[in-house]
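Some notes on the structure that comes next.
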């Protein structure tokens with residue numbers, strides 16, 4: 001072959017594609033090279049992006065034009081006989097690259113030939129002329145057009161001996177590579193020997209090096225021809241060593257091929273067949289992993305671990321079971337958001353608006369979030385707090401997490417802990433086990449795609465224990481700001497930084513949370529809502545939400561404040577609003593059914609309509625029925641679902657002074673009754689009670705709703721008042737309730753859950769409340785709107801309770817209980 005048409009080694013076989021009458025394309029002579037130098041680079045060039053090819057000056061390459069924009073470009077340029085700008089893509093998978101998806105430096109090229117291939121594609125033969133740099137994008141349609149400027153090569157002087165030595169070495173290495181590589185046709189040696197131009201030789205070899213697109217682009221970017229030649233020589237040395245080593249290995253394995261090696265080569269053949277059929281080879285998967293790893297922001301420890309495990313995967317047979325396990329592990333390392341954080345938004349007014357928009361009330365919680373934002377804004381960085389919101393169901397603990405995430409501008413994830421008994425759910429399984437998975441903490445961090453999300457740990461008080469470990473103990477490391485900088489997951493086997501995660505735990509009761517876990521969290525109490533607050537919540541949130549979920553609008557159903565109040569007081573008895581939402585949903589379904597069945601219905605509901613829809617009110621409390629009888633006292637109690645009222649009754653019967661207590665009471669509550677009775681006996685004269693009554697009458701104390709367990713010291717003054725009322729036959733004031741612990745010395749001690757008890761009193765239309773004087777500080781912490789309509793009496797001694805609670809006169813028609 002005396003005169004090869006194409007100067008690209010891999011494309012020598014394409015010669016037959018050109019028509020026999022077409023003009024031959026000779027090797028680039030020094031005269032051609034000189035003429036090419038004198039050509040000017042146009043100020044505007046249409047840009048042709050190439051997926052996996054880098055064009056060098058002087059080199060001729062065939063390409064297949066498949067994209068509509070590319071076909072339009074080459075046709076227009078070929079018809080007008082104008083040059084084009086050829087630039088490589090940064091990412092070959094992008095179908096329609098823009099100006100930011102291609103490299104800035106490319107090669108001006110002439111279109112030598114356009115051929116219509118049998119498969120319908122268009123083959124274009126390009127010859128590079130000069131390097132150029134894209135300046136600015138001028139237009140994008142129908143193809144990219146950009147302003148350009150020429151980049152001149154720095155050519156060494158003719159007497160530069162070092163450059164001449166490099167050129168000679170390149171020729172020698174090129175001939176050796178052609179000899180060692182059976183895939184390169186022997187005609188390529190003839191082409192190398194006949195190249196006269198040093199610059200063309202360097203570009204020609206660069207174009208044919210076994211490098212990826214980015215590697216060839218780095219060579220094209222080098223303006224100094226001597227430096228480009230030297231870098232090319234280095235790459236050729238590496239390529240020659242690889243070929244020699246590969247050939248050496250093949251010559252050795254060819255001698256004795258055992259069964260395992262036969263299987264290996266068969267697998268390689270299967271892989272090749274899979275690639276031909278459109279599948280992805282294992283080598284491509286590994287290379288894709290390496291490329292993804294380069295983009296990851298991780299520390300040196302994790303980077304070393306990844307490359308170590310990737311090397312282990314590379315040495316594995318893809319057909320063994322451990323391959324998929326190792327692959328899943330590496331996928332997890334790549335998918336975790338190492339050192340990836342969303343930027344916090346420090347607009348405090350906006351954050352306040354979001355919190356106020358989504359949640360009515362909850363002032364303390366909102367204040368704490370705004371404080372955290374303020375510190376972040378001033379300091380720039382801090383360990384996120386571990387907040388625990390505790391309170392009755394339905395007060396908005398879980399939904400508050402979403403609002404916090406939106407106000408901070410962070411991702412939101414939620415993890416339900418209710419009934420979780422396996423420690424591996426938190427810490428993960430060791431990856432040597434079959435079916436091993438990372439813990440749910442790491443899994444949710446991966447899902448969030450950020451290392452600083454708002455992470456809601458729902459129902460943390462309902463973590464269980466079993467023979468598989470104690471999840472609450474595993475949570476200690478997660479929720480300890482001093483330890484979670486390197487949280488250890490058994491599956492991940494390397495520390496993960498959770499210190500920037502804002503954990504928000506929710507709980508109904510602190511009593512069920514282990515003290516060590518509780519100590520690591522900042523406790524924020526979320527109490528129940530008043531009737532007024534529930535009306536606002538129903539009006540602003542619940543009713544619009546239910547209308548939307550049932551396909552209605554505000555025009556289809558109108559529920560006034562009076563009707564909402566009737567639903568709240570007559571059909572719900574809760575601290576939160578979950579039951580209220582169900583009742584509102586039932587009202588909305590009534591309207592939806594009427595519209596669907598084309599029936600007439602009342603759009604603006606009245607109180608009578610509410611009773612028609614929901615039925616008769618079943619929570620109308622009869623609080624005054626027993627006030628005409630002595631011994632009935634209203635007490636205030638705290639429960640896990642909020643505050644409540646309870647009635648304590650006592651009665652006398654002929655007997656020998658026995659005390660009996662019923663109503664499913666706990667040990668502490670029974671002790672309170674005994675303390676109250678002993679105090680009365682010790683102070684009978686002062687209370688004007690005949691001491692002989694304790695010898696001739698049995699006393700029975702009962703707390704209704706016996707199916708509900710009741711315990712605690714806060715019913716002490718209520719039992720005392722009930723006993724004194726029975727023994728003196730003085731009835732208790734109407735609309736009065738009380739709570740407080742008693743001692744044998746006659747002191748009244750403070751109790752907890754004051755806000756919940758106050759809300760319960762308001763729901764029950766209580767007007768006066770007796771409390772320990774030491775509970776005054778709790779009252780001062782409650783909003784004034786909650787206290788509207790209530791009168792508080794603060795006491796130190798039991799005598800004050802009796803004077804405040806009991807009326808002076810005895811019950812009418814009461815029998816004379818004085819024992820003669």
Query raised in the report: Of all residues in the range 641-665 being surrounded by fewer than 15 Cβ atoms within 10 Å (Cβ to Cβ) and within 30 Å of residue 391 (Cα to Cα), which is modelled with the lowest pLDDT?
Result: 664
Query - Some residue of the range 356-363 being outside the structural domain of residue 539 (by TED's automatic domain parsing), outside any helix (DSSP H, G or I) and at positive phi - result: yes
Query - Criterion violated by residue 627 - all others in (1) in a strand (DSSP E or B); (2) at pLDDT below 85 satisfied - result: (1)
Query raised in the report: Taking the range 307-349 only, how many residues are in contact (Cβ under 8 Å) with a residue 12 or more places away in the chain, in a loop (DSSP other than H, G, I, E, B) and closer than 30 Å to residue 375 by Cα?
Result: 11
Query raised in the report: Can you pull out the residues in the range 388-404 that are closer than 10 Å to residue 456 by Cα and free of Cβ contacts under 8 Å to residues at least 60 places away in the same chain?
Result: 399, 402
Query raised in the report: Given (1) touching a residue at least 40 places away in the same chain (Cβ under 8 Å); (2) in contact with a strand residue (DSSP E or B) (Cβ under 6 Å, 6 or more places away or on another chain), where does residue 440 come up short, assuming only one miss?
Result: (1)
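Okay, residues lined up against (1) outside the structural domain of residue 645 (by TED's automatic domain parsing); (2) more than 19 Å from residue 751 (Cβ to Cβ); (3) in contact with a helix residue (DSSP H, G or I) (Cβ under 6 Å, 6 or more places away or on another chain); (4) assigned to a loop (DSSP other than H, G, I, E, B):
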| residue | (1), (2), (3), (4) |
| --- | --- |
| 661 | no, yes, yes, no |
| 669 | no, no, no, no |
| 673 | no, no, yes, no |
| 676 | no, no, yes, no |
| 679 | no, no, no, no |
| 686 | no, yes, no, yes |
| 691 | no, yes, no, yes |
| 700 | no, yes, no, no |
| 705 | no, yes, no, yes |
Query raised in the report: Residues of the range 124-146 being surrounded by fewer than 19 Cβ atoms within 10 Å (Cβ to Cβ) and either touching a helix residue (DSSP H, G or I) at 6+ places or on another chain (Cβ under 7 Å) or in a loop (DSSP other than H, G, I, E, B) (or both), which ones?
Result: 137, 140, 141, 142
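Could you look through the range 387-414, keep only residues that are assigned to a helix (DSSP H, G or I) and in contact with a strand residue (DSSP E or B) (Cβ under 6 Å, 6 or more places away or on another chain), and pick out the one that is surrounded by the fewest Cβ atoms within 10 Å (Cβ to Cβ)? Let's see the steps before the verdict.
First, the residues of the range 387-414 that are assigned to a helix (DSSP H, G or I): 397-408.
Still in the list and also in contact with a strand residue (DSSP E or B) (Cβ under 6 Å, 6 or more places away or on another chain): 397-398, 401-402, 404-405.
Values: 397: 26, 398: 17, 401: 25, 402: 15, 404: 26, 405: 23.
Among those that are assigned to a helix (DSSP H, G or I) and in contact with a strand residue (DSSP E or B) (Cβ under 6 Å, 6 or more places away or on another chain), it is 402.
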Query - Hits in the range 114-135 - residues which are closer than 14 Å to residue 42 by Cα and free of Cβ contacts under 8 Å to residues at least 24 places away in the same chain - result: 135
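Tell me, yes or no, whether the range 414-423 has at least one residue that is at pLDDT 85 or above and under 26 Å from residue 638 (Cβ atoms).
yes
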Requested in this report: Among what's in the range 714-747 and is within 50 Å of the chain's Cα centre (by Cα) and in a strand (DSSP E or B), pick the residue that is surrounded by the fewest Cβ atoms within 10 Å (Cβ to Cβ).
Outcome: 741
Query raised in the report: Do you know which of the residues in the range 423-452 that are in contact with a helix residue (DSSP H, G or I) (Cβ under 7 Å, 6 or more places away or on another chain) and in a loop (DSSP other than H, G, I, E, B) is nearest to residue 352 (Cα to Cα)?
Result: 451
Report task. For residue 384, indicate whether it is within 22 Å of the chain's Cα centre (by Cα), touching a residue at least 12 places away in the same chain (Cβ under 8 Å) and part of a helix (DSSP H, G or I). Result -> no
Query raised in the report: Just for the range 361-370: of the residues that are surrounded by fewer than 19 Cβ atoms within 10 Å (Cβ to Cβ) and in contact (Cβ under 8 Å) with a residue 24 or more places away in the chain, which one is farthest from residue 532 (Cα to Cα)?
Result: 368
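The values are calculated or read from the model by the stated rules, or taken from the named source; none is laboratory data. Computed from a prediction, not measured in an experiment: that's the story for all the values here. Counting neighbours? That spans all protein chains shown, and the Cβs are built from the backbone with ideal geometry, glycine included.
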